[in-house]
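A quick write-up on the structure given underneath.
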Amino acid sequence: MTKIKDIKTTIYKWTGPIVSPAQNFCTNPTDLLREKGDKMKSFRFHEWLVCEVIADDGTVGIGNAALAPQVTKKAIDCYLKDLVIEEDPFDYEYLWEKMYRNTMAWGRKGIGMIGISAIDLGIWDLMGKIKKKPVFKLIGNRTKEKIPVYASKLYSQPINELQKEAGTYLKEGFKMFKMRFGWGPKDGPEGVKKNINLVNAVREVIGYDKELMLEAYMGWNLEYAKSIIPQLIKFKPKWLEEPVIPDDIAGYSELNALGSIPIAGGEHEFSFYGFKHLLELKAVSFIQYDANRVGGITAAQKINILAEKYNVPVVPHAGQMHNYHLTMANSNCPFSEYFPVSQVEIGNELFYYLFEGEPKPKNGFIDLNDNLPGFGITISDKFKSNFDVIS
Ligand code: MG
């Protein structure tokens, strides 16, 4: 029997070049505060946590977490790690419950669940490596030949540059696109007009035979969303994402019940219980968990089954291998997000610089390798000099 011998957490801090995004490139929850200056500061992540689950035979499973790596590392090192050492990684369901129930007083959502996610991903990668199979083959195998992916960037920026960027993705063969709004409730009717102009500009380039998704990244409120939705309907968006803060579940339900634009959300929701609540209240028409926050593969698989019962498709947040394996193995995950590779900006891009093995899209599809065990990623040497390593 394999046993988990140790858990090792390492933070990779990006020290390479960083590109500053344009002002008002994306709305966010702090827009409603009175602070000025760098509003996106708390939502930028230039560090990534790697969580290695080391087996007694020397095999190493790699898990990861992107949000608040320094605090997540502490949660793992001080509370979670001892709960899984000496245990059998194939007891993944028991180990998940053991971590969840032992951190119930302060865990459940946020840092606690992100720590559990990083360990759970490491356990699944380890199981794949021991079984010599990719994770998607352990949880359902191929439900699709390839995974359709949407190009997810198109931040708010001057119209000519936005259209140029949309044109690039179109030429690369993408058939689905997601763009961001730049203005919210504090920007008044002038901001509404600017938001509408952004959507119009992208539709001008991609036409109406392609899918377009709209993202507010928690930067609006219910009243603003209700007032702008009627003006967005004519652009036929596939969804409107995170129009209100994740705790405003009643707001989500109200917007989704309008029935005019499907509401998407969940990249800031946690565990089976969080999604059970959203689904019971018909708060979302698309679920967007991220396996490195929601509770790993173990939690994501339970949410997939529940979402299927409610006929709500799951389109995981971000690309990244832990999410691609879930999309490949579940028929209720019709497609996936893809962040086009760019210079380090917000931090989503770091995954490509840190890990080797992420597939590149061709004509709007990505494929997974049948022969790479686990998630099929390793720590890359290519950009090593651009990271500070903190263990
Ligand atoms: Mg999003």
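What follows draws every value from the coordinates through simple rules; no lab data is involved. In this text, all values refer to a predicted model and were calculated from it rather than measured experimentally. For neighbour counting, all protein chains shown are included, and Cβ atoms are generated from backbone atoms with ideal geometry for every residue, glycine included.
In whole Å, how far is the Cα centre of segment 319-391 from that of segment 167-204?
What the calculation gives is 26 Å, centre to centre.
Under the Kirkwood approximation applied to all pairs of distinct alpha-carbon atoms, what is the hydrodynamic radius of the chain in Å?
The Cα-based Kirkwood calculation yields 21.3 Å.
For Cα pairs less than 8 Å apart in space and 6+ apart in sequence, what is the mean separation divided by the residue count of segment 4-132, i.e. the relative contact order in percent?
The value is 32 percent.
Just to compare against my own numbers: the Cα pair-distance distribution for segment 140-219, 10 Å bins, whole % per bin, please.
Taking all Cα pairs of segment 140-219, the binned fractions are 17, 46, 24, 10, 3 percent.
Going by alpha carbons, how many degrees (0 to 90, nearest 10) lie between the helix axis of 111-131 and the longest principal axis of the chain?
Once rounded, the angle reads 60 degrees.
In segment 103-196, which chymotrypsin sites (Phe, Trp or Tyr not before Pro) fall in coil by DSSP and have 11 or fewer other Cβ atoms within 10 Å?
Listed in order of number, the matching sites are TRP106.
So what's the back-of-envelope 222 nm ellipticity for the chain, counting only DSSP H runs of four-plus at -39500 (n - 2.57) apiece and dividing by all residues, rounded to 500?
Estimated from H runs of four or more residues: -10500 deg cm²/dmol.
So for the pair PHE43, TYR273, with labels modelled 7 Å out along Cα→Cβ, what separation do we get in nm?
The two pseudo-label positions are separated by 2.7 nm.
With just the Cα atoms defining each centre, how far is segment 126-143 from segment 227-280? Give it in Å.
Segment 126-143 and segment 227-280 have Cα centres spaced 33 Å from each other.
Where does each of VAL50, VAL84 land when they are ranked from fewest to most other beta-carbon atoms within 10 angstrom?
With the fewest neighbours first, VAL50, VAL84 line up as VAL50, VAL84.
What distance in nm separates the simple spin-label points at ASN371 and ILE85, each placed 7 Å from Cα in the Cβ direction?
Each label point lies 7 Å from its Cα, and together they span 3.8 nm.
Please sort by residue number the GluC sites (Glu not before Pro) in segment 120-193 whose DSSP state is loop and whose Cβ has at most 12 other Cβ atoms within 10 Å.
When the GluC sites (Glu not before Pro) of segment 120-193 are filtered for loop state and at most 12 Cβ neighbours within 10 Å, GLU145 remain.
Relative contact order for the chain: what percent, with Cα pairs under 8 Å and sequence separation of 6 or more?
It comes to 23 percent, rounded to a whole number.
How much length is gained on full extension from THR10 to LEU281, taking 0.36 nm per residue of separation minus their Cα-Cα distance?
Length gained between THR10 and LEU281: 93.7 nm.
Enter the angle in degrees (range 0 to 90, nearest 10) between the Cα long axis of helix 188-206 and the first principal axis of the Cα atoms of the chain, meaning the one along which they spread out most.
For 188-206 against the chain, the angle is about 70 degrees.
If the chain between ASP77 and ASN363 were fully stretched, how many nm would it gain, using 0.36 nm times the residue separation less the Cα-Cα distance?
98.7 nm
Given bins 10 angstrom wide, list per bin the percent of all Cα-Cα distances in segment 257-345, short to long.
18, 53, 23, 6, 0
How much length is gained if the chain between LEU33 and SER391 is pulled fully straight, taking 0.36 nm per residue apart and subtracting their Cα-Cα distance, in nm to one decimal?
The LEU33-SER391 span can extend by a further 125.3 nm.
Tilt of helix 296-309 relative to the longest C-alpha principal axis of the chain, in degrees (0 to 90, nearest 10)?
Tilt of helix 296-309: around 50 degrees.
Could you check the simple spin-label distance between LYS146 and SER380, using points 7 Å along Cα→Cβ, in nm with one decimal?
2.1 nm
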